[in-house]
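Everything on this sheet refers to the single structure shown next.
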Amino acid sequence: MVDERTQPAVAVPGELLADRAYAELRDRIVTLAIAPGAPINEDALGRELEMGRITDLAAISDVRVQLEGHAARRAAERLTPAQRVQLDALVKEIDAREGSGDADALMRLDAEIHRCVYAWSGNAYLQETLERYLNLSLRIWYLVLDRLPHLFDRVHEHRDLLAAIRAGQPKRAHDIAADHVATFETEIRGVL
């Protein structure tokens with residue numbers, strides 16, 4: 001007899017893997033297929049549910065490459081004087097982290113820069129969408145943070161992005177942002 005509580009859910013076309021994983025994990029906990037207090041092995045669960053981080057990362061990055069570039073373009077077109085002050089402070093923070101080996105601090109700075117660019121785009125819907133995808137990306141990145149060989153370089157790339165935004169160069173800002181997301185995804189895929 002097959003225990004239906006441990007059978008993976010059937011994929012629904014267009015359904016996000018993260019949503020499917022959440023529903024399956026929730027159901028396993030509620031039905032006690034995963035015993036109270038039992039540890040959850042994320043890798044084993046991913047194999048069992050036939051889903052993996054690489055697939056999620058590729059789908060997330062596909063969206064982010066397009067939208068991050070667009071947000072950077074809009075930020076370069078719409079930057080206000082108050083935002084310019086905020087941008088200058090971020091550049092100083094990047095410079096202060098020169099040679100830093102503090103991966104957690106670098107990732108927090110990276111996320112802060114991305115979130116500022118989203119806000120500077122002047123489009124609340126774009127900002128909200130990108131926030132969601134950044135959070136999904138961060139979850140994956142933190143799993144491999146200690147194995148990323150060029151983390152400072154990736155964060156330092158933001159210096160050029162911020163310079164393009166500050167100079168009002170929308171095309172350049174777009175290209176730098178899109179390339180940054182694509183390069184970071186490639187590096188993370190390499191360590192996964």
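Points to keep in mind about this one:
- A119 open to solvent by 60 Å² or more (accessible area, probe 1.4 Å) and at pLDDT 95 or above: no
- Here L162, L145 are screened, and the one residue that is of a type in the set (A, V, I, L, M), surrounded by fewer than 19 Cβ atoms within 10 Å (Cβ to Cβ) and touching a residue at least 40 places away in the same chain (Cβ under 8 Å) is L145.
- Residue count for the range 78-88, restricted to those that are closer than 16 Å to D160 by Cα and either surrounded by fewer than 18 Cβ atoms within 10 Å (Cβ to Cβ) or not aliphatic (A, V, I, L, M) (or both): 3
- Residue match in the range 53-68 (condition: modelled with pLDDT under 70 and either surrounded by fewer than 15 Cβ atoms within 10 Å (Cβ to Cβ) or hydroxyl-bearing (S, T, Y) (or both)): yes
- Selection over the range 89-107 of residues that are assigned to a helix (DSSP H, G or I) and surrounded by 12 or more Cβ atoms within 10 Å (Cβ to Cβ) gives a count of 8.
- Residue within the range 16-27 that is modelled with pLDDT of 85 or more, under 23 Å from A124 (Cβ atoms) and not aromatic (F, W, Y) present: no
- Scan the range 130-177 for residues that are outside any helix (DSSP H, G or I) and at pLDDT 85 or above and the total you get is 3.
- Unique match (being modelled with pLDDT under 65, farther than 30 Å from N123 by Cβ and in a loop (DSSP other than H, G, I, E, B)) among P39, P13, P8: P8
- Residue that is most open to solvent (accessible area, probe 1.4 Å) [pool: residues in the range 122-133 that are touching an Asp or Glu at 6+ places or on another chain (Cβ under 9 Å) and touching a residue at least 60 places away in the same chain (Cβ under 8 Å)]: Y133
- Conditions (1) surrounded by 15 or more Cβ atoms within 10 Å (Cβ to Cβ); (2) more than 22 Å from Q86 (Cβ to Cβ): number failed by H150: (1)
- The residue pairs whose first member lies in the range 100-119 and is touching a residue at least 40 places away in the same chain (Cβ under 8 Å), whose second member is in a helix (DSSP H, G or I) and small (G, A, S), and whose beta carbons are closer than 6 Å, counting only pairs six or more residues apart or on different chains, are V117/A71; V117/A72; V117/A75; Y118/A71.
The values are calculated or read from the model by the stated rules, or taken from the named source; none is laboratory data. Computed from a prediction, not measured in an experiment: that's the story for all the values here. So basically every Cβ, Gly included, is an ideal-geometry build from the backbone, and we count neighbours across all protein chains shown. For accessibility, only protein heavy atoms count, side chains too; no ligands or nucleic acids. Shrake-Rupley method; radii C 1.70, N 1.55, O 1.52, S 1.80 Å.
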